[in-house]
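Structure record follows, encoded as structure tokens.
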Amino acid sequence: MKPDTPNLDIPFYQSAGDEVVVFQHAWKNRLPLLIKGPTGCGKTRFVSHMAARLGLPLYTVACHDDLTAADLVGRHLIGDGKTMWCDGPLTRAVREGGICYLDEVVEARKDTTVVLHPLADDRRVLPIDRTGELLEAPPSFMLVVSYNPGYQNLLKGMKPSTRQRFVSLRFDFPRPELEEAVLIGETACAPDLARRLVAIANALRALKDRDLEEAASTRLLVYAALLIKDGMDPVAACRVGIVESLTDDADVAEGLMEVVAATFGR
């Protein structure tokens, strides 16, 4: 498929650099991919877009502290008086030659992510100890993981032995003109509204690490744009769609709302 071929079945994604080309080359050469970037900057949408673009099944796993290797690989279940093996999402992706996407992979326990190692190097195999199988990944299979470097600490960093098995992409919030294009593409909002919302986001992002733990994401701008387009007052929509999702501190929220009010001339 040509990179710029339009297809209504492909989720909208506004490219900000060479990430589409990198993904295609990594998939073609059977290389695993690591995507790192802040919350809500488009990592998950990008993977969905590329899976549809390549015509591959996508299995997405939201990683967390209690995620076990069995959650990824599979387990025996009892039903109708007999024991049956049930594949996990990682195993299904390998069998079908699809993409397995582990979102926020550093949230998973390290003893869980070790199961990825034989798939993420030149072996490209998945051992299933409980069934005695050794699955060889077909050429179309791809392993993709993501995380937010801003959340990293000594306990939740990615082990070098895992990190160095991946080709890595760094994501960030797009340039203003591209982020405006994302809002218009996602919500069909007016260009002037997209411009104002992006201006608000960039003003709030300047406060990260000072008044805010996390920057205003593109996802939140989409929420606000959808509310405004549906007839909600812009300032009220920005409060519930952006500001209240960024802070629980009432004083900080009021300070952020001053930026919103000034942008909309209130």
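The values are calculated or read from the model by the stated rules, or taken from the named source; none is laboratory data. None of these values were measured; they are calculated from a predicted model. For neighbour counting, all protein chains shown are included, and Cβ atoms are generated from backbone atoms with ideal geometry for every residue, glycine included. For the accessible areas, the whole protein counts, side chains as well, though only heavy atoms, and no ligand, DNA or RNA atoms are used. Shrake-Rupley method; radii C 1.70, N 1.55, O 1.52, S 1.80 Å.
Quick notes on this structure:
- Under Karplus coefficients 6.51, -1.76 and 1.60, residue-wise ³J(HN,Hα) of the stretch 70-76 in Hz, glycine/proline x: 5, 4, 8, 8, x, 7, 7
- Relative contact order (%) - criterion: Cα under 8 Å, at least six apart; region: the stretch 176-264: 28
- Computed in the context of the full set of protein chains, the accessible area of the stretch 108-176 at 1.4 Å probe radius has 53% of its extent on carbon or sulfur.
- Kyte-Doolittle mean at least -0.5, axial Cα span of 27 Å or more - DSSP H helices of the chain: none
- Annotation for the stretch 12-84 versus the stretch 160-205: alpha-carbon center distance of 20 Å.
- Charge dipole (debye, nearest 20) of the stretch 176-264; +1 at Cβ of Lys and Arg, -1 at Cβ of Asp and Glu: 300
- Additional length obtainable on full extension of the chain from Asp233 to Asp211, 0.36 nm per residue less Cα span: 5.4 nm
- Accessible area per residue for the chain, computed on protein heavy atoms with a 1.4 Å probe, is 51 Å².
- Around the amide H of Ile35, modelled in the peptide plane, lie the amide H atoms of Val145, Ser146, Tyr147, Leu169, all under 5 Å away and 5 or more residues distant in sequence or on another chain.
- The charge dipole of the stretch 1-115, taken about the Cα centre with unit charges on the Cβ atoms of Lys, Arg (+1) and Asp, Glu (-1), comes to about 340 debye, rounded to the nearest 20.
- Relative contact order, percent, the chain [alpha-carbon distance under 8 Å, six or more residues apart]: 21
- Total lysine pairs whose alpha carbons fall under 24 Å of each other in the chain (8 or more apart, or interchain): 15
- Spacing of the modelled spin labels on Val22 and His117, each 7 Å from Cα toward Cβ, amounts to 2.6 nm.
- With the simple spin-label model, which puts each label point 7 Å out from Cα in the Cβ direction, the Leu77 to Lys110 separation comes to 3.3 nm.
- Scanning residues 5 or more positions from Thr60 or on other chains, those with amide H under 5 Å from its amide H are Tyr101, with H placed 1.01 Å from N in the peptide plane.
- Interchain or long-range residues, amide H under 5 Å from Gly74's placed H: Gly88
- Net charge dipole size for the chain [Lys, Arg +1 and Asp, Glu -1 on Cβ; Debye, nearest 20]: 940
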